[in-house]
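One structure is given below, encoded as structure tokens.
Computed from the coordinates by the stated procedures, all read-outs in this text should not be read as laboratory data. Note that this is a predicted model, so its numbers are computed, not measured. With ideal geometry, Cβ positions are generated from the backbone for all residues, glycine too; neighbour counts draw on all protein chains shown.
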Amino acid sequence: MFRDKKISVLILVLLAIIVLTFSGCGSNGTGSGYDLRENLDIAWGHFAGADYSDAIDKFNEVLDNVSENAEAYLGLGWSHAFLGQLPDAVANFGLVSGQPEIVDAYMGLAAVYRDLPNYQAAISNADDVISADSSYQFSRRTSIDYRDAHLIKAQSYYRLGSSNFPEAHIEVNYLCDDLGLDPVPDPSTLEPAEYEQALVDKIAELTALISD
């Protein structure tokens, strides 16, 4: 009799383990039946379609279900950035950690800080992008790449004033070489006003070619 009871208890334990195991299947690790990957993909689909408000809602839904997720914070950062909600973009980019999301966050922060503006922070984050991957490309918006990082540096150095024109010149001529454009002449060959005009004109040309 006791043997039969032990067998019954063992069967119940095994059934409980099976139920618990299968209740977690399809949830991508959340343990609640919530499909993390599927919902992140839906959110990025909104982002790809420039439906940034819907993307924000979906990324927030993801965080409501999984609490912490670097990819969701990244999506929120970029979505807020494209809506011009720059402080919200900075806040969410700041919550991103780990590879590869962190490099995408650096790129977003570089662009946002340029526009706030905080030019030194823009330069620092653009440097982080280039240091991490000199041929960087944002997989969720492939038109954003390493050229944007160099352009942000050029724009920011120029806007910091004439003492930073040499650094702007380096970034501008890097991009000119990369894109097969005529470079800005050496400043020693031009009058100061002519040189500044040549520099600002080339930055404007590059901005039109590169900016998303």
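Annotations
- The label point for residue 182 and the one for residue 132, both projected 7 Å from the Cα toward the Cβ, are 3.8 nm apart.
- Toward the positive end of the charge dipole of segment 52-181, with +1 on the Cβ of Lys and Arg and -1 on the Cβ of Asp and Glu, the farthest Cα among 136, 155, 116 is that of 155.
- Using only side-chain charges placed at the Cβ, +1 for Lys and Arg and -1 for Asp and Glu, the dipole size of segment 98-212 relative to its Cα centre rounds to 340 debye.
- Taking label points 7 Å from Cα along the Cα-to-Cβ direction, residue 201 and residue 35 give a separation of 5.6 nm.
- Stokes-Einstein diffusion for segment 98-212, with the hydrodynamic radius set to the Kirkwood value over Cα pairs and evaluated at 25 °C in a medium of 0.890 mPa s, equals 172 µm²/s.
- Cβ-placed point charges (K, R +1; D, E -1), dipole of segment 27-146 about Cα centre in debye, nearest 20: 240
- Amide N of segment 155-183 lying under 20 Å from the label point, which is placed 7 angstrom from the Cα of residue 141 along Cα→Cβ: 155-156
- Residues of segment 80-105 with amide N under 13 Å of the 7 Å Cα→Cβ point at residue 68: 95-98
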